[in-house]
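Asks: For reference, the structure I am asking about is given below.
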Amino acid sequence: MNVQIEPSWKEQLKAEFEKPYFQQLTDKVRQEYRQGACYPPGPLIFNAFNLCPFDRVKVVIIGQDPYHEPGQAHGLSFSVQDGVMFPPSLQNIFKEIEGDLGIPMPQSGNLERWARQGVLLLNATLTVRAHEANSHAMLGWRDFTDAAIAALARGREHIVYMLWGGYARGKAWMIPKDRNLVLESVHPSPLSANRGGWFGQHQFSRCNTYLEENGLGGIAW
């Protein structure tokens, strides 16, 4: 299949594009987009990969699925487009960065600046129907995104995996912990974060320390 995705990722995932499930997934997603509003916009479905080539990945942050209200999702987990109000989880991410590193709350919730530094902002499901969270969870995307995580686990090392919440933490078994750093915590959503286990974990400084110790340079969070 002629999938429009960044070349290094296309090479890593080429076997997936030829599998029957991916053809079925493509057909289902196209049908969903024809029938009604879905997010992100079609050209941005693979945005996480396009902004962060395989060989440049330093950090992986796993989300579940895109934001499902108009103007929010643009293909990066937890990120919103410029001018959009910060969702509660993103607010808590920025609050923790401020407490950890002293970096004040930014003006924009657009995390492209992270992606271009090597942060793969990967949702497990890459599309969603408007106003219906997890509505595309069973279409087959998770086989594809699991294959992306497996490719990194197989072909790269010294990556920091930030696994927030039960779903993301369920991916920990895929990651070789002897040659990567895995940081696990509760999800930054208010329901989880306010119970404890999100604030004060210093994940962002720990991430940068690990990257710097391995000669990779930290992230300007």
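The values are calculated or read from the model by the stated rules, or taken from the named source; none is laboratory data. Values in this document were obtained by computation on a predicted structure and should not be read as measured data. Ideal geometry is used to build each Cβ from the backbone, glycine not excepted, and the neighbour counts take in all protein chains shown. Accessible surface areas use protein heavy atoms only, side chains included; no ligands, DNA or RNA. Shrake-Rupley method; radii C 1.70, N 1.55, O 1.52, S 1.80 Å.
Asks: Counting DSSP beta bridges with both partners in the chain, what percentage is antiparallel, nearest 5? If you can, show how the numbers build up before the last one.
Replies: Numbers: 3 of 16 bridges.
Within the chain, antiparallel bridges account for around 20 percent of the total.
Asks: Follow-up question, since we're still on this one. Among the GluC sites (Glu not before Pro) in the stretch 1-93, which ones are in a DSSP loop with at most 10 other Cβ atoms within 10 Å of the Cβ? Mind listing them?
Replies: Hits after loop and neighbour filter: Glu18.
Asks: Which ³J(HN,Hα) values in Hz, rounded to whole numbers, follow from the phi angles of the stretch 66-74 under the Karplus curve 6.51 cos²θ - 1.76 cosθ + 1.60, where θ = phi - 60° and Gly and Pro get x?
Replies: For the stretch 66-74, the Karplus curve yields x, 4, 10, 10, x, x, 8, 5, 9 Hz.
Asks: Another question about this same structure. Decide, for the chain, between rounded, prolate and oblate: order the square roots of the alpha carbon gyration tensor eigenvalues as a ≥ b ≥ c, take rounded if a/c falls under 1.5, and otherwise choose prolate if a/b is larger than b/c, else oblate.
Replies: Oblate.
Asks: For the chain, what is the mean residue ellipticity at 222 nm derived from helices alone (per DSSP H run of n ≥ 4: -39500 (n - 2.57); sum divided by total residues; nearest 500 deg cm²/dmol)?
Replies: -10500 deg cm²/dmol
Asks: I would also like to ask the following. Based on the alpha-carbon gyration tensor of the stretch 167-221 and its eigenvalue square roots a ≥ b ≥ c, which shape applies: rounded if a/c is under 1.5, prolate if not and a/b is larger than b/c, or oblate?
Replies: Since a/c reaches 1.5 but b/c is at least a/b, the shape of the stretch 167-221 is classed as oblate.
Asks: I would also like to ask the following. State the answer as a single residue: which of Ala124, Phe144, Ile103 lies farthest towards the positive end of the charge dipole of the stretch 1-151, with beta carbon charges of +1 for Lys and Arg and -1 for Asp and Glu, about the Cα centre.
Replies: Phe144
Asks: Further, regarding this structure: Whole-Hz Karplus ³J(HN,Hα) for the stretch 38-45, in order, using 6.51 cos²θ - 1.76 cosθ + 1.60 and θ = phi - 60°, x for Gly and Pro?
Replies: 9, 9, x, x, x, x, 9, 4
Asks: In square angstrom, what is the accessible area per residue of the stretch 2-110 with a 1.4 angstrom probe?
Replies: 48
Asks: If you look for lysine pairs in the chain that are eight or more places apart or on different chains, how many of them have Cα atoms under 28 Å apart?
Replies: Lysine pair count for the chain: 17.
Asks: Right, next: Return the long-range amide H neighbours of Cys38 (sequence gap of 5 or more, or a different chain), with a cut-off of under 5 Å between placed amide H atoms.
Replies: Ala130
Asks: Once you charge only the Cβ atoms, +1 for Lys and Arg and -1 for Asp and Glu, what is the size of the charge dipole of the stretch 1-74 about its Cα centre, to the nearest 20 debye?
Replies: Charge dipole, the stretch 1-74, about its Cα centre: 80 debye, nearest 20.
Asks: Using modelled backbone amide H atoms (1.01 Å from N, in-plane), which distant-in-sequence or interchain residues come within less than 5 Å of Tyr161's amide H?
Replies: Val60, Leu181, Val182, Leu183
Asks: Need the full-extension length gain, Ser205 to Ser189, defined as separation in residues times 0.36 nm minus the C-alpha distance. One decimal, nm.
Replies: Stretched fully, the Ser205-Ser189 segment lengthens by 3.7 nm.
Asks: How many percent of Cα pairs in the stretch 58-185 exceed 27 Å? Walk me through the numbers on the way to the answer.
Replies: On the way: 1468 of 8128 pairs.
So the portion of pairs separated by more than 27 Å is 18 percent.
Asks: Can you tell me the dipole magnitude for the chain around its Cα centre, using point charges on the Cβ only (Lys, Arg +1; Asp, Glu -1), in Debye to the nearest 20? Walk me through the intermediate numbers first.
Replies: Working: 21 positive and 22 negative charges, 49 e Å.
Its charge dipole is roughly 240 debye.
Asks: How much of the accessible area of the stretch 94-202, probe 1.4 Å, is carbon plus sulfur, in whole percent?
Replies: Of the solvent-accessible surface of the stretch 94-202, carbon and sulfur hold 52 percent.
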